[in-house]
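Take a look at the structure below.
The values are calculated or read from the model by the stated rules, or taken from the named source; none is laboratory data. Every value quoted in this text rests on a predicted model; they were computed, and no experiment measured them. Every residue, glycine among them, receives a Cβ derived from its backbone with ideal geometry; neighbour counts consider all protein chains shown.
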Amino acid sequence: MKALLRWWLIFCLSILAGGIAVYFNLHVNLYNGDQTKISFLILAIFILTSGWVGWCTKKSEEKIQDVSVGWFVAESCLALGMIGTVTGFLLMLSGAFADIDLANTATIQNALSKMALGMSTALYTTLVGLVCSLTLKIQLVNVENENTNHLRKMSPRGRYGE
């Protein structure tokens with residue numbers, strides 16, 4: 001029961017963080033700053049997987065749950081964030097310097113705005129991927145600790161078969 005309560009605390013804190021982000025319009029900044037919208041894919045995967053981890057946590061009180069898929073998804077969130085980083089850098093550098101006329105400040109400003117949009121894509125996707133991956137990993141460790149406790153209760157010889 002403690003593991004389920006810990007998961008619920010983590011889940012509620014995630015919802016609270018999302019609510020604070022919406023209150024301060026950070027979701028609008030994310031939407032405008034991430035050209036690829038990979039951040040929203042990562043967030044959707046995070047929400048679905050977090051619910052699944054909660055279900056596994058509840059079931060782990062009865063029997064051991066295999067959460068290896070959850071670890072894969074957590075690493076995938078991180079990998080998607082890195083893909084967004086590389087994509088953002090490519091957007092930043094591709095064509096930004098092609099039409100630059102150093103005598104014309106308007107072309108320099110245009111190139112800098114393109115670079116800033118690519119850089120924001122890179123940074124937002126990295127941040128969202130890291131935060132979602134870390135939060136999922138915390139939830140998964142919670143489930144695995146419950147699995148370990150379940151194994152100890154089942155073992156007739158005590159801890160680790162001693």
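Pull up the stretch 90-107, narrow it to residues that are without any contact (Cβ under 8 Å) to a residue 40 or more places away in the chain and not in a loop (DSSP other than H, G, I, E, B), then point me to the one that is nearest to Asn29 (Cα to Cα). Explain how you work it out, then say what you get.
If we filter the stretch 90-107 for residues that are without any contact (Cβ under 8 Å) to a residue 40 or more places away in the chain, which is where we start, we get 90, 92-107.
Narrowing the set further to residues that are not in a loop (DSSP other than H, G, I, E, B) leaves 90, 92-93, 105-107.
Values: Leu90: 20, Met92: 18, Leu93: 22, Thr105: 27, Ala106: 25, Thr107: 25 Å.
So, considering only residues that are without any contact (Cβ under 8 Å) to a residue 40 or more places away in the chain and not in a loop (DSSP other than H, G, I, E, B), the one nearest to Asn29 (Cα to Cα) is Met92.
Given the criterion farther than 21 Å from Glu146 by Cβ and either among the hydrophobic types (A, V, I, L, M, F, W, C) or at pLDDT below 95 (or both), identify the matching residue among Ile64, Ile42, Ile10.
On the way: Ile64 fails: farther than 21 Å from Glu146 by Cβ; Ile10 fails: farther than 21 Å from Glu146 by Cβ.
Only one candidate qualifies: Ile42.
Within the stretch 108-133, can you find the residues that are free of Cβ contacts under 8 Å to residues at least 24 places away in the same chain and under 19 Å from the mean Cα position of the chain (by Cα)?
Val131
For Ser76, are the conditions met, namely being within 15 Å of the chain's Cα centre (by Cα), among the small types (Gly, Ala, Ser) and surrounded by 13 or more Cβ atoms within 10 Å (Cβ to Cβ)?
Details: within 15 Å of the chain's Cα centre (by Cα): yes; among the small types (Gly, Ala, Ser): yes; surrounded by 13 or more Cβ atoms within 10 Å (Cβ to Cβ): yes.
Taking the combined requirement at face value, the residue satisfies it.
Of the residues Asn149, Asn104, which single one is more than 26 Å from Ile47 (Cα to Cα), surrounded by fewer than 14 Cβ atoms within 10 Å (Cβ to Cβ), out of contact with any Cys (no Cβ under 8 Å at 6 or more places or on another chain) and not hydroxyl-bearing (Ser, Thr, Tyr)? I'd like the intermediate steps shown before the answer.
Values: Asn149 fails: surrounded by fewer than 14 Cβ atoms within 10 Å (Cβ to Cβ).
Matching residue, one of Asn149, Asn104: Asn104.
Name, by its number, the condition in (1) closer than 24 Å to Ala116 by Cβ; (2) of a type in the set (S, T, N, Q); (3) modelled with pLDDT of 95 or more that does not hold for Asn32.
So the condition that Asn32 fails would be (3).
Is there any pair with a first residue in the stretch 36-52 that is more than 17 Å from Leu130 (Cβ to Cβ) and a second that is not in a helix (DSSP H, G or I) whose Cβ atoms are under 8 Å apart and which are 6 or more apart or on different chains, and what are they?
That search, which allows pairs on different chains as well, returns nothing.
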